[in-house]
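Notes to accompany the following structure.
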Amino acid sequence: MNQHADSFMKFTDTAVTSYHSIVHAKEQLTANGFHELSLNTRWQLVPGKSYYVNVYDTSLVAFRICGHPNGRLHIAAAHTDYPCLKIKPSCEINANGYAKVNVIVYGGAIYNTWFDRPLSLAGKVVTKSESVFEPNEHLINIEKPILVLPNLAIHMNREVNKGVSLNPQSDMLPIAGMISEQLSGDDFLLKYLASQLAVTPDEILDYDLTVYASDPACYVGINDDFISSSRIDNQTSVVSALDGICHSTPTDGINMIVLFDNEEIGSKTKQGADSAILTLILEKMYDSLGIAHMDARDLILSGFFLSMDVAHALHPNHPEKCDPTNQPLLGKGIVIKQDLNQKYATDVKNTAVVRQLCEKENIPYQVFVNRNDVPGGSTLGTIISSHLPMRTVDIGIPLLAMHSARELMGSADQQSMDLLIRAFFSI
């Protein structure tokens, strides 16, 4: 039994949206003695206590004040969102007797991986209230597979195995059933949501609903070498961040985790990394602890930031896509992500810090760089370090099938990441 991998799979099976990730994060933090703070009220912080802040329900900041609050500042960040399908407003379509649902592709999804698998629906629904500025909010997870995207048969598309170009508007609309007396009209999904929430359809004002792959995570391989799961990017890092801040043994300073939303679409939102939210929370925290503004700036500039996101592993059928000399493998430990063009924020001194920490704790590690002719994506590190110029390192676990509806990781790698974040928060 791999306790770290089991914990990850249990989390990701239920954390099906950013909203649900934050709910589960709050439950875990509360169980470990963290106290909730309101984002927009004055704080009265006490050294030795632990706190968390819910940021618009899809992001979260948690911190432990250990010993002297003017000691070192360690921050680890991950993101809660993933490439998926989201339901548009007025989404119901009657298509030749089929009840179809209009969606938008969120982030850089691999379209064809969403076909022919059971899909469900989860997210937030808001309904009418007595106060127009405070509508009623409902978190919902249907769990039951209610949607599917069927492929076109090979007989009708003889070139399918040569590659198919999929149009996100015409090809990516899932079906919810056949038009019938029970499933009819221009609002069949709205009626279904209302029935699930025990409200009337006209009470529903809006929703933020995600279509998600409902098949659970599982071990794969003769020796359970792999985990196949949805949402590995980036729930693996969310799980490690929570595990690290709850199970580390710090003696001084402040440990903090930040779980951002909207990384997959650029982070430029009020709850994303490319905003002032983390800066404002740090200012509120230090101000409540009685630390002068200039002293707080010095503590931030002396801090250390781990940007935690997944990394590309060498693909066994396409080794030519990997750098010739830096080839991360599944199950061989965490990955330090480097890019001299600064797609990742890592620099040589900070890389050395993480290397030494891994070696001290006997944690296996690898290095990833892009091929010169295969540019990769960016992540939280460079965004955050442009707002908060702290020492920063981008790390993650290696992954295959990144941005697929189901991704593949090494089952041993969750433990490596968990142990690294525990060590990072304990020094």
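Of 259, 242, 205, all but one fail to be surrounded by fewer than 24 Cβ atoms within 10 Å (Cβ to Cβ) and at pLDDT 95 or above; the exception is 205. Applying the set (1) within 30 Å of residue 12 (Cβ to Cβ); (2) at pLDDT 95 or above; (3) surrounded by 12 or more Cβ atoms within 10 Å (Cβ to Cβ) to residue 89 leaves exactly one unmet item: (3).
Looking across 275, 302, 307, 288, one residue alone is farther than 30 Å from residue 400 by Cβ, of a type outside the set (A, V, I, L, M) and either touching a strand residue (DSSP E or B) at 6+ places or on another chain (Cβ under 7 Å) or open to solvent by 60 Å² or more (accessible area, probe 1.4 Å) (or both). It is 302. Of the numbered criteria (1) at pLDDT 95 or above; (2) open to solvent by 50 Å² or more (accessible area, probe 1.4 Å); (3) outside any loop (DSSP other than H, G, I, E, B), the one residue 121 fails is (2). Going by the conditions given, is residue 418 in contact (Cβ under 8 Å) with a residue 40 or more places away in the chain and in contact with a Ser or Thr (Cβ under 7 Å, 6 or more places away or on another chain)? Considered against the rule, which asks whether it is in contact (Cβ under 8 Å) with a residue 40 or more places away in the chain and in contact with a Ser or Thr (Cβ under 7 Å, 6 or more places away or on another chain), residue 418 comes out as yes. Among the criteria (1) open to solvent by less than 60 Å² (accessible area, probe 1.4 Å); (2) under 16 Å from the mean Cα position of the chain (by Cα); (3) without any contact (Cβ under 8 Å) to a residue 60 or more places away in the chain, the one residue 268 does not fulfil is (1). Scoring residue 103 on the criteria (1) under 24 Å from residue 384 (Cβ atoms); (2) in a strand (DSSP E or B); (3) out of contact with any Asp or Glu (no Cβ under 7 Å at 6 or more places or on another chain) leaves a single failure, condition (1). Considering 164, 160, 126, 105, the condition of being closer than 15 Å to residue 88 by Cβ, among the aliphatic types (A, V, I, L, M) and surrounded by 11 or more Cβ atoms within 10 Å (Cβ to Cβ) is satisfied by 105 alone.
Residue pairs whose Cβ atoms lie under 7 Å apart, separated by 6 or more positions or on different chains, with the first residue in the stretch 308-322 and in a helix (DSSP H, G or I) and the second open to solvent by less than 70 Å² (accessible area, probe 1.4 Å) and of a type in the set (A, V, I, L, M), are 321/374. Restricting attention to the stretch 135-192 and to residues that are of a type in the set (S, T, N, Q) and outside any loop (DSSP other than H, G, I, E, B), the residue that is nearest to residue 112 (Cα to Cα) turns out to be 161.
Filtered by the rule that a residue be assigned to a loop (DSSP other than H, G, I, E, B) and without any contact (Cβ under 8 Å) to a residue 12 or more places away in the chain, the stretch 348-371 gives a lone residue, 362. Screening the stretch 24-47 for residues that are aliphatic (A, V, I, L, M) and surrounded by 16 or more Cβ atoms within 10 Å (Cβ to Cβ) and picking the one that is nearest to residue 283 (Cα to Cα) gives 45.
Taken over the stretch 383-427, residues that are farther than 30 Å from residue 221 by Cα, assigned to a loop (DSSP other than H, G, I, E, B) and touching a Phe, Trp or Tyr at 6+ places or on another chain (Cβ under 9 Å) amount to 2.
In the condition set (1) surrounded by fewer than 20 Cβ atoms within 10 Å (Cβ to Cβ); (2) under 24 Å from residue 263 (Cα atoms); (3) modelled with pLDDT of 95 or more, residue 317 is compliant with all but (2).
Of the residues making up the stretch 387-406, those that are surrounded by fewer than 24 Cβ atoms within 10 Å (Cβ to Cβ) and charged (D, E, K, R) are 391, 406. Being charged (D, E, K, R), more than 30 Å from residue 293 (Cα to Cα) and over 21 Å from the mean Cα position of the chain (by Cα) is true for just one of 117, 72. Which residue is that? After applying the criteria, what remains is 117. Residues that are open to solvent by 60 Å² or more (accessible area, probe 1.4 Å), free of Cβ contacts under 8 Å to residues at least 40 places away in the same chain, of a type outside the set (S, T, N, Q) and touching a strand residue (DSSP E or B) at 6+ places or on another chain (Cβ under 9 Å) within the stretch 323-345 comprise just one, 343. Sub-6 Å Cβ pairs linking a first residue in the stretch 204-222 that is closer than 15 Å to residue 9 by Cα to a second residue that is acidic (Asp, Glu) and buried (at least 16 other Cβ atoms within 10 Å of the Cβ), at least 6 apart or interchain, are 216/13; 217/13, ordered by first then second residue.
So which of 59, 7, 21, 50 is more than 22 Å from residue 138 (Cα to Cα) and open to solvent by less than 50 Å² (accessible area, probe 1.4 Å)? Answer to the check: 50.
The values are calculated or read from the model by the stated rules, or taken from the named source; none is laboratory data. The model shown is predicted, which means the values in this text are computed figures rather than measured ones. Because the Cβ atoms are built from the backbone with ideal geometry, glycine has one as well, and the counts that use them run over all protein chains shown. Areas reflect the complete protein model, heavy atoms only, side chains present, ligands, DNA and RNA absent. Shrake-Rupley method; radii C 1.70, N 1.55, O 1.52, S 1.80 Å.
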